[in-house]
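Structure, as structure tokens:
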Amino acid sequence: MRKPILVAHHNTIKAWIQTGESVSLDFKTQVTAPHKIARTMSAFANTKGGHLVIGVMDDGEIVGMVNIVSEQNKLLEAARHFCYPAVELAFEIHEANFLPVLVAYVKEASEKPIYAIDNSGDEKVYIRAKDKTMPASKMVIKNLETYNASTLEITRKLDSKEQALLDYLERNESTTVAQYMQAMNLSKRRAKRILTHLTLEGILRVHTTNKEDYYTL
């Protein structure tokens, strides 16, 4: 087992706490069960990758860990036995407020989807929606199945509205139909048509939530 890199007296944890949890950042006080943390790993791998920070509460309070090796072993068990295909983790140990904090980086998968397996053996696909881990809808799973990072490329010339959308998403994390309409001064029908076409081409990814779908690169 590869040992985690020790990063002593580092300010990264405090900077993350200031920004808060996000699509690529999740705080945990501890790993309660491998099959549960596998859901977040699946979500990160199916979205844009992300950092699991163990030893920090949801509200940002740093509590540290009693047994770093035990937490790391549970994370490795989740990645290897409760994610399919297995995901790779990179570890770091940070020191914040004189307390050890374990960070596990989950890389975005090059081929998707990544399934999380529960205790009964059932498989489910998860994604990140803002700062939440959520089950993926059938439409999102279908979109993930057509995604392959090694072959993804834009094979046609984009029009000005489409290119402006990609430029917008380079500067911002995501967009909804309403946000795209306002930013580009488009009708709802045209905005939805452009977003749908780019999603079907594999250029954008759609994320379904209980409130409103949103799109990312």
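Values in this text are rule-based calculations from the coordinates and carry no lab data. Bear in mind the structure is a predicted one, so any value in this text is a computation, not a measurement. Because the Cβ atoms are built from the backbone with ideal geometry, glycine has one as well, and the counts that use them run over all protein chains shown.
Taking other residues whose beta carbon is less than 13 angstrom from the beta carbon of residue 63, and scoring Lys, Arg as +1 and Asp, Glu as -1, yields -3. Computed about the Cα centre, the dipole magnitude for the chain is approximately 700 debye when only Lys and Arg (+1) and Asp and Glu (-1) carry charge, each at its Cβ. Within the straight-line cut-off of under 22 Å between alpha carbons, the lysines reachable from residue 161 are 188, 192, sequence neighbours fewer than 8 places apart in one chain being disregarded.
Short-range pairs are left out: with C-alpha atoms under 8 Å and at least six residues apart, the relative contact order of region 5-135 is 34 percent. At full extension, residue 120 and residue 70 could sit 15.7 nm farther apart than now, given 0.36 nm per residue minus the alpha carbon distance. Within the same chain, aspartates and glutamates fewer than 8 places from residue 124 are excluded, and of the rest, those with a Cα less than 18 Å from its Cα are 77, 108, 111, 145. With the helix formula -39500 (n - 2.57) applied to DSSP H stretches of n ≥ 4, the chain reaches a computed 222 nm mean residue ellipticity of -10500 deg cm²/dmol. In terms of other Cβ atoms within 10 Å, 21, 95 run from fewest to most in the order 95, 21.
Per-residue Cβ neighbour counts within 10 Å put 205, 189, 128 in the sequence 189, 205, 128, beginning with the fewest. For the pair residue 132 and residue 97, label points projected 7 Å from Cα toward Cβ lie 2.7 nm apart.
One decimal place: the segment residue 61-residue 197 gains 44.7 nm when fully extended, by the rule 0.36 nm per residue minus the C-alpha distance. Among the listed pairs 74/138; 36/112; 112/157, those with a Cα-Cα distance over 24 Å are 74/138; 112/157. Treating each Cα of the chain as an identical point scatterer and ignoring solvent, apply the Debye formula and state log10 I(q)/I(0) at q = 0.10, 0.11, 0.12 Å⁻¹. Taken in order of the listed q values, log10 I(q)/I(0) reads -0.49, -0.58, -0.68.
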